[in-house]
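Read the structure below first, then the notes.
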């Protein structure tokens with residue numbers, strides 16, 4: 001098999017797998033998997049930019065995806081007027097104090113020569129700033145969270161269409177990534193990994209606990225949808241006749257149409273990002289990126305600004321992850337910070353990129369499809385396998401019941417095995433990055 | 001005077017003792033990470049799950065021992081089961097080394113590849129633990145609950161504030177003390193320990209002097225697996241066992257190892273206590289403490305808590321970043337990653 005045929009063949013196999021699910025289980029299930037495959041591919045593309053183009057070891061994908069998710073809430077939900085009236089001003093003052101503190105710290109660091117005095121002054125300013133912020137922040141939080149806590153208890157959003165949230169999610173994630181990059185990008189690979197792991201946990205801790213922002217673990221549900229509701233479709237006579245014309249039940253046709261609409265939107269985003277990513281990779285900029293990845297020292301000797309390039313690619317990759325995160329929240333129709341787990345949102349994406357082929361955009365997309373498919377289908381497969389393995393035990397056996405209960409977690413083992421096998425036997429992935437000469 | 005004593009007791013009860021216990025658990029975890037780093041030269045992301053894996057076996061054996069009525073009351077039965085858990089953790093460490101890491105070691109792969117490989121191992125262990133024992137909280141502590149009870153302490157001293165020392169906390173501190181002494185003796189005095197230090201310091205020179213690299217690696221995994229199980233069991237007895245919590249412990253453990261100076265055993269121990277005490281002191285609400293110390297008119301109205309407890313990860317992280325920026329070799333001049 002020539003390497004140029006590998007990609008198309010792999011994607012064809014993927015299509016066949018999805019078709020098998022469509023015929024075997026149902027098309028609705030197949031489309032659900034497809035939608036998440038598309039989102040996963042976008043996340044994998046973002047990570048591929050950071051790791052595959054530039055060799056940046058980012059283990060904080062979860063944090064950027066969650067920031068995208070919260071952007072969906074903040075853009076699309078209607079503003080809560082009472083909450084703004086109760087605590088809006090204090091919250092704005094908090095923000096002002098935060099800005100003042102940051103500016104004060106920066107100016108201290110610029111004006112005072114380095115030494116003991118500078119450290120002491122910086123700490124003093126930080127402490128004062130912290131006190132001032134708490135003075136405004138605490139009453140603001142209490143006031144906002146007291147407004148109808150069962151239903152709202154947060155500031156609400158801007159009430160704009162949710163499709164706007166996708167680019168905004170990307171921007172929010174990019175902003176956070178810029179800050180993180182400023183602090184952590186000077187670190188070597190292992191340290192950057194540990195630092196980003198920590199940052200993702202902190203972002204999640206904030207989203208879970210700051211109820212005034214997006215209700216924390218109480219979740220925000222009922223987000224705006226960019227596609228029609230199933231109930232509306234079922235109610236329309238035109239849709240009913242159309243469904244009967246192609247020989248489907250109205251109910252089934254409506255769910256499938258909604259999922260197809262999502263798939264179309266996601267595919268459009270994927271295509272746009274993919275085109276841009278490919279253009280960038282093959283531009284002089286992309287060549288410079290790869291040169292830095294392959295030999296940082298010689299690239300620096302050629303006058304390339306390595307730190308600057310790393311910052312760029314880190315921010316761009318994070319933006320792509322943020323877009324995917326916003327899309328995911330849109331698809332779910334709710335923002336649930338409690339469900340963000342590093343295994344699912346960070347390390348799974350890593351498996352996608354490694355298995356697909358780091359450095360190759362097509363590989364990352366394929367990895368996103370392939371790994372998500374296995375992640376979903378490994379659950380029933382694990383259950384089936386465990387059922388088979390324990391069939392010797394009596395049906396009432398407590399051990400069997402327990403093992404069957406845990407069988408769903410077999411997919412974690414499967415992912416580990418896939419990652420280890422891929423690294424061992426096909427370290428350059430399903431669609432390897434071609435060696436360019 | 002009594003106010004000051006009360007404040008001291010209060011502080012010991014809620015900061016000093018929990019901090020010591022938590023710090024000991026982190027120190028044991030960080031020792032394992034640092035040892036693997038100095039011998040195999042990579043940051044092992046699977047360490048948290050190795051802790052969970054060993055502890056899971058301790059729990060299963062404990063349950064079995066409890067069911068047949070074997071125990072060492074007032075000490076927890078888990079201590080009896082500890083060797084079995086350690087054996088399981090050692091076994092899986094050696095298996096993972098034989099079938100996974102050895103290949104990359106012989107190929108002289110870059111450290112980043114090792115880290116990604118350890119993520120694969122992490123997935124595997126994570127899945128195994130959840131399949132076998134489930135993702136939920138498990139209780140396995142038994143025996144006496146307290147060494148010092150609040151009421152008895154109050155009666156004995158006549159103070160307002162009571163001091164409680166849980167058996168699990170006392171045990172943690174004592175066991176850590178013994179283990180750390182034994183480990184340092186081993187590394188400093190024994191032949192194998194010296195070989196390990198030589199190997200960690202300069203691989204080529206050690207090989208040239210006839211140090212057997214396979215043996216060094218095996219011993220490193222044996223120690224790391226044992227320490228991980230001990231740390232995990234003590235943490236489980238002190239708080240509770242939940243696979244996800246153990247995964248999350250990875251961050252403070254890494255922070256501890258790096259703060260102390262990665263690859264440096266003393267640093268790992270000191271780092272463990274630094275991280276633990278920073279977490280506890282920053283998230284403790286000082287209101288009651290201050291009430292005992294300041295005149296009545298100065299009494300604070302708020303909780304005087306710098307950060308709410310949910311943000312304790314932020315503390316490890318901030319320490320980590322500050323150390324990496326200001327002194328990347330850590331307190332005790334470890335290696336730079």
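The values are calculated or read from the model by the stated rules, or taken from the named source; none is laboratory data. Computed from a prediction, not measured in an experiment: that's the story for all the values here. Heads up, the Cβs are rebuilt from the backbone with ideal geometry, glycines too, and the neighbour counts pull from every protein chain shown.
Structure above, values below:
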quantity: Residues (over 16 Å from residue B:54 (Cα atoms) and at the interface with chain A (Cβ under 7 Å from one of its Cβ atoms)) located in region B:114-142; calculated: B:115, B:116, B:117, B:119, B:120
quantity: Residue satisfying condition, being surrounded by fewer than 24 Cβ atoms within 10 Å (Cβ to Cβ) and without any contact (Cβ under 8 Å) to a residue 12 or more places away in the chain, within set B:68, B:72; calculated: B:68
quantity: So residue B:224, is it within 14 Å of chain A (Cβ to nearest Cβ), within 26 Å of residue B:91 (Cβ to Cβ) and either touching a strand residue (DSSP E or B) at 6+ places or on another chain (Cβ under 7 Å) or crowded, with 20+ Cβ neighbours inside 10 Å (or both); calculated: no
quantity: Members of region A:340-356 that are within 13 Å of chain B (Cβ to nearest Cβ) and surrounded by 24 or more Cβ atoms within 10 Å (Cβ to Cβ); calculated: A:346, A:347, A:348, A:349, A:350, A:351, A:352, A:353, A:354, A:355
quantity: Residues satisfying the stated conditions in region A:385-413, i.e. assigned to a helix (DSSP H, G or I) and more than 14 Å from chain B (Cβ to nearest Cβ); calculated: A:388
quantity: Subset of region A:91-117 that is more than 30 Å from residue A:81 (Cα to Cα) and surrounded by 15 or more Cβ atoms within 10 Å (Cβ to Cβ) - its residue that is nearest to the chain's Cα centre (by Cα); calculated: A:105
quantity: Given (1) crowded, with 16+ Cβ neighbours inside 10 Å; (2) assigned by TED's automatic domain parsing to the domain that holds residue A:317; (3) touching a residue at least 60 places away in the same chain (Cβ under 8 Å), number of the condition residue A:187 does not satisfy; calculated: (3)
quantity: Qualifying position, being surrounded by 15 or more Cβ atoms within 10 Å (Cβ to Cβ) and farther than 28 Å from residue A:167 by Cα, among A:250, A:255; calculated: A:250
quantity: When residues of region A:414-437 are limited to those that are assigned to a loop (DSSP other than H, G, I, E, B) and exposed (fewer than 13 other Cβ atoms within 10 Å of the Cβ), the one nearest to the other protein chains (Cβ to nearest Cβ); calculated: A:435
quantity: Helices (runs of 4 or more DSSP H) within region A:249-311 that include 2 or more residues in the same structural domain as residue A:226 (by TED's automatic domain parsing), modelled with pLDDT of 95 or more and farther than 18 Å from residue A:45 by Cβ; calculated: A:250-282
quantity: So residue A:171, is it more than 11 Å from chain B (Cβ to nearest Cβ), outside any loop (DSSP other than H, G, I, E, B) and within 30 Å of residue A:51 (Cα to Cα); calculated: yes
quantity: Any pair with Cβ under 7 angstrom, 6 or more apart, that starts in region A:132-156 at a residue that is within 14 Å of chain B (Cβ to nearest Cβ) and more than 27 Å from residue B:300 (Cβ to Cβ) and ends at one that is at pLDDT below 85 and not in a helix (DSSP H, G or I); calculated: none
quantity: Enumeration of residues in region A:293-309 that are surrounded by 12 or more Cβ atoms within 10 Å (Cβ to Cβ) and touching a helix residue (DSSP H, G or I) at 6+ places or on another chain (Cβ under 8 Å); calculated: A:293, A:296, A:299, A:300, A:304, A:306, A:309
quantity: Among the residues listed as A:179, A:163, A:207, the single one being assigned by TED's automatic domain parsing to the domain that holds residue A:62 and crowded, with 22+ Cβ neighbours inside 10 Å; calculated: A:207
quantity: Residue match in region A:66-75 (condition: crowded, with 16+ Cβ neighbours inside 10 Å, at pLDDT 85 or above, outside the structural domain of residue A:214 (by TED's automatic domain parsing) and assigned to a helix (DSSP H, G or I)); calculated: no
quantity: Qualifying residue in region B:287-296 (condition: under 19 Å from the mean Cα position of the chain (by Cα) and either at pLDDT 85 or above or buried (at least 20 other Cβ atoms within 10 Å of the Cβ) (or both)); calculated: no
quantity: Residue among B:80, B:60, B:26 that alone is assigned to a helix (DSSP H, G or I), within 18 Å of the chain's Cα centre (by Cα) and more than 30 Å from residue B:158 (Cβ to Cβ); calculated: B:26
quantity: Residue satisfying all of: in region B:319-337; in a helix (DSSP H, G or I), at pLDDT 80 or above and more than 19 Å from the chain's Cα centre (by Cα); surrounded by the fewest Cβ atoms within 10 Å (Cβ to Cβ) among these; calculated: B:322
quantity: Selection from region A:310-339 of residues that are within 14 Å of chain B (Cβ to nearest Cβ) and surrounded by fewer than 23 Cβ atoms within 10 Å (Cβ to Cβ); calculated: A:338, A:339
quantity: Odd one out for residue B:91 among (1) under 30 Å from residue A:416 (Cα atoms); (2) buried (at least 24 other Cβ atoms within 10 Å of the Cβ); calculated: (2)
quantity: Search result, residues across region B:291-318 that are more than 8 Å from every other protein chain (Cβ to nearest Cβ) and not in a loop (DSSP other than H, G, I, E, B); calculated: B:291, B:292, B:293, B:296, B:297, B:298, B:309, B:312, B:315, B:318
quantity: Residue in region B:173-189 that is farther than 26 Å from residue B:88 by Cα and surrounded by 14 or more Cβ atoms within 10 Å (Cβ to Cβ) present; calculated: no
quantity: Tally, over region B:207-218, of residues that are surrounded by fewer than 20 Cβ atoms within 10 Å (Cβ to Cβ) and not in a loop (DSSP other than H, G, I, E, B); calculated: 6
quantity: Residue tally, condition touching a helix residue (DSSP H, G or I) at 6+ places or on another chain (Cβ under 7 Å) and more than 10 Å from chain A (Cβ to nearest Cβ), over region B:324-337; calculated: 4
quantity: Spans of helices (runs of 4 or more DSSP H) in region B:96-171 with at least 1 residues buried (at least 21 other Cβ atoms within 10 Å of the Cβ) and without any contact (Cβ under 8 Å) to a residue 12 or more places away in the chain; calculated: B:111-133
